[in-house]
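Chemist: Please find one structure pasted underneath; my questions will follow.
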Amino acid sequence: MKKNIMLLFPLILITALVACQKKQDTATVAAAAESLRVEVKTVVPEKFEHFFAVNGALEAIQDAFISAETSGQIQVVHVQEGQRVLKGDLLVTLNSDITRNAVAEVNNALQLARIVFRKRQELWDRRIGAEIQYLEAKTSKESLENRLASLQAQLALAQVKAPFNGIVDKIFKKSGELAVPGLQLMQLVNLNRMRVNAEVAETYLGRMQKGDRIEVTFPTYPGLSLETAISRIGQVVSAKNRTVLVQAELDNRREQMKPNMMATLRLRDFYDPAALVVPAIVVKNDLEGTYLYIVERENDRDVARKVYVTTGLTEGNRTMVTSGLAAGQDVIVSGYNLVRNGLPVAAGK
C-alpha cells in the first residue's frame, strides 16, 4: 500500500504542473486577445516644407512686332507665316527708288569733289593759291561724304531684317501696301525660352525671394512638370488687387509651351529642417482640442494614450506638430480609430 502511494505522488505532481502551465498559457492568450493590434510611427525630427499654388500665364522672352524704321511702299515680303528665320535674315524690302537715285547723284558729285580737293591740296602743299580755296574744297568733299553716309543708312532702313532667331507667326501687311514706322508688319517669336508671370498676394512677400526653387505645371499638359527658380519679384504692390508680380524663366527646347498658355506655380512659403511630423489623418479634434494617440508602457504592457497637441501647417498628408509631442514617442498610425485612452495594445511598425 505504501509503495503504491509513493508511485502515485510523482504522477500527481506532474499533472498539477501541467495544469498550472495550461492555466498560464490560457491567461497569456486571453491577455493577448484583449490587446488591440496597432501600427505606430516613431516620431523623429525630419524636413518639412509647405507650398502654395498660384496661377500664371506664359510669354516668350523674345516676342516682337516688327515694324519699318522708315516710310515706304512694301516692295517684297520675303517670308511666309510659320517660317523659321535667323537673326539678320531679310523679311521685307521697301521701295527705295528715290533714295537710290539720291545716292547716285551724291556719288557723282563726291567723285568731282574729291578730284578738286586733291588738286587744291597739291597746290596748297606747294604754297600756291589761297588757303580759303583749299578749305572750301575740303569742306565740300566732307559734306558730300556725310550726305552719302546718311543716304546709305536710309537705304539700309528699306530692308527690314530679323532682330533674332524665331518663327514668323503673323504677317499684317502685303506687297504694295504702305509701311509706316511703328505700324506692325509682322510678329516674330522665339519659343526656346519662356517666362511665366504670376500675381502673388502681398502676404507672401516675406516668405519668398529671388532664386527660390519652384515647380511649374500646365493644365494643357497634365504630365508636364518643370522645376525652375524665381528670376524676379516685382517692386510694386498693385493697389488694385494687392498682389506683386513674380516671374520665372523656363527652357522650352521642344516648343511645347506657347505664349499666353496658362500655368500653375507651386512656391514654398515655409521650411523646417527638423520638424516633428505625423500623418494628417491621425490628428483628431474634440471639445478640448486637437489630439492623437501614442503608445506608452504601463505595468509591463503597452497602452494607448490620448495626448493633446498643437499643430502647425499641413502639406499633403503630413501635419507638423509644434507642441505636445516629443521626439522618440510612438504615434499610432493604424488602428487609431479603434483605440481609447488606456486601452491595451499590441504595437508593431
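Chemist: Among the residues of segment 202-210, is there at least one that is assigned to a strand (DSSP E or B) and touching a strand residue (DSSP E or B) at 6+ places or on another chain (Cβ under 7 Å)?
Modeler: no
Chemist: What about LYS306, is it assigned to a strand (DSSP E or B) and basic (Lys, Arg)?
Modeler: yes
Chemist: Hey, another quick one. Looking for something in a strand (DSSP E or B), surrounded by 15 or more Cβ atoms within 10 Å (Cβ to Cβ) and of a type in the set (D, E, K, R) - is there at least one such residue anywhere in segment 244-251?
Modeler: yes
Chemist: Sticking with this structure for a sec: Consider THR311 carefully, then state whether it is buried (at least 17 other Cβ atoms within 10 Å of the Cβ) and in a strand (DSSP E or B).
Modeler: Criteria met by THR311.
Chemist: Same structure again: Pairs under 6 Å by beta carbon, first residue outside the structural domain of LEU205 (by TED's automatic domain parsing) and without any contact (Cβ under 8 Å) to a residue 40 or more places away in the chain in segment 270-292, partner surrounded by fewer than 15 Cβ atoms within 10 Å (Cβ to Cβ) and in a strand (DSSP E or B), six or more apart or different chains?
Modeler: Going by the 6 Å Cβ cut-off, the qualifying pairs are ALA280/THR314; GLY289/TYR308; TYR291/LYS284; TYR291/TYR308.
Chemist: Still on this structure, please answer the following. If you go through segment 175-185 one residue at a time, do you hit one that is under 30 Å from ARG253 (Cα atoms), touching a residue at least 12 places away in the same chain (Cβ under 8 Å) and surrounded by 13 or more Cβ atoms within 10 Å (Cβ to Cβ)?
Modeler: Yes.
Chemist: Test LYS258 against the criterion of being free of Cβ contacts under 8 Å to residues at least 24 places away in the same chain, farther than 30 Å from ASP330 by Cα and of a type in the set (Lys, Arg), and give yes or no.
Modeler: So LYS258 does not fit the description; no.
Chemist: Right, another one. Return the only residue of ARG242, ARG318, ARG305 being among the charged types (D, E, K, R), at pLDDT 95 or above and closer than 19 Å to VAL38 by Cα.
Modeler: The unique qualifying residue is ARG305.
Chemist: Moving on. Quick one: in segment 168-201, which of the residues that are part of a strand (DSSP E or B) and of a type in the set (S, T, N, Q) is nearest to the chain's Cα centre (by Cα)?
Modeler: ASN197
Chemist: Kindly indicate whether ARG340 is touching a strand residue (DSSP E or B) at 6+ places or on another chain (Cβ under 8 Å), among the basic types (Lys, Arg) and not in a strand (DSSP E or B).
Modeler: Yes; evaluated as a whole, the condition is true for this residue.
The values are calculated or read from the model by the stated rules, or taken from the named source; none is laboratory data. Computed from a prediction, not measured in an experiment: that's the story for all the values here. Positions of Cβ are generated from backbone atoms using ideal geometry, with glycine treated the same way; all protein chains shown enter the neighbour counts.
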